[in-house]
Amino acid sequence: MQYDKLTELISCNFGCALIKRGLIEQIGLLEERFFLYYEDVEYCHRARKSGWKVVYCPESIVYHERHGSGANKWMDESRRYMPYVLRRYYPKRELVKWGIRKAVATAAGLKNKDIGYASSNFRALFNGVW
């Protein structure tokens, strides 16, 4: 089964995560520029870059009642953090592809008269955390 074995990951969601003290002492805490979303992804990448592993443990059980901070009003904010993660941890072509996708999404939003969607993607391009 897909979730039956210990698996090394690229990153994980910090809805529930155990972090070793040694890791915190080595790389510090979460990136303060990230208000909400992607701070867990960035932290995992930073940990892996420093030689640590991110691992899924199938024996762990977590009960998650509902989304607490996942309201749509924060999605606009979350789009701003992707350029930072891509620039620091991925080949440059991934950042270029992301930029093209945001430009296409902006155009699609304008074409469909969805100004909220268009402006959210446009702001991600020009107001991103770089």
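The values are calculated or read from the model by the stated rules, or taken from the named source; none is laboratory data. Remember, predicted model here, so these are calculated numbers, not experimental data. When we count neighbours, we look across all protein chains shown, and the Cβ atoms used for this are built from the backbone with ideal geometry, even at glycine. Protein only, heavy atoms only, side chains kept; ligands, DNA and RNA dropped before computing areas. Shrake-Rupley method; radii C 1.70, N 1.55, O 1.52, S 1.80 Å.
Given the conditions (1) modelled with pLDDT of 85 or more; (2) under 24 Å from G128 (Cα atoms); (3) assigned to a helix (DSSP H, G or I); (4) open to solvent by less than 60 Å² (accessible area, probe 1.4 Å), and given that V96 satisfies all but one, which numbered condition is not satisfied?
So the condition that V96 fails would be (4).
Regarding A118, is this residue touching a helix residue (DSSP H, G or I) at 6+ places or on another chain (Cβ under 8 Å), at pLDDT 95 or above and either aromatic (F, W, Y) or part of a helix (DSSP H, G or I) (or both)? Show your work before the answer.
Working: touching a helix residue (DSSP H, G or I) at 6+ places or on another chain (Cβ under 8 Å): yes; at pLDDT 95 or above: no; either aromatic (F, W, Y) or part of a helix (DSSP H, G or I) (or both): yes.
Considered against the rule, which asks whether it is touching a helix residue (DSSP H, G or I) at 6+ places or on another chain (Cβ under 8 Å), at pLDDT 95 or above and either aromatic (F, W, Y) or part of a helix (DSSP H, G or I) (or both), A118 comes out as no.
Here are R46, R21: which of them is closer than 14 Å to V85 by Cβ and out of contact with any strand residue (DSSP E or B) (no Cβ under 9 Å at 6 or more places or on another chain)?
Working: R21 fails: closer than 14 Å to V85 by Cβ.
Every option except R46 fails the conditions.
Which of the residues that make up region 1-23 are open to solvent by less than 60 Å² (accessible area, probe 1.4 Å), in contact (Cβ under 8 Å) with a residue 12 or more places away in the chain and farther than 16 Å from E42 by Cα?
If we filter region 1-23 for residues that are open to solvent by less than 60 Å² (accessible area, probe 1.4 Å), which is where we start, we get 7, 9, 11-12, 14-15, 17, 22-23.
When the remaining residues are screened for being in contact (Cβ under 8 Å) with a residue 12 or more places away in the chain, the result is 7, 9, 11-12, 14-15, 17, 23.
The answer is T7, and nothing else.
Scanning region 1-46 for residues that are of a type in the set (G, A, S) and within 14 Å of the chain's Cα centre (by Cα), which turns out nearest to E77 (Cα to Cα)?
Filtering region 1-46 down to residues of a type in the set (G, A, S) leaves 11, 15, 17, 22, 28.
So of that shortlist, the ones also within 14 Å of the chain's Cα centre (by Cα) come out as 11, 15.
Values: S11: 20, G15: 19 Å.
Among those that are of a type in the set (G, A, S) and within 14 Å of the chain's Cα centre (by Cα), it is G15.
Please go through region 38-89 and give me each residue that is outside any loop (DSSP other than H, G, I, E, B), among the charged types (D, E, K, R) and at pLDDT 75 or above, ordered by number. Step through it out loud before you land on a result.
Applying the first criterion (outside any loop (DSSP other than H, G, I, E, B)) to region 38-89 yields 39-49, 54-56, 72-79, 82-89.
After this cut, where a residue has to be among the charged types (D, E, K, R) as well, the list is 39-40, 42, 46, 48-49, 73, 76-77, 79, 87-88.
Scanning region 38-89 gives E39, D40, E42, R46, R48, K49, R79, R87, R88.
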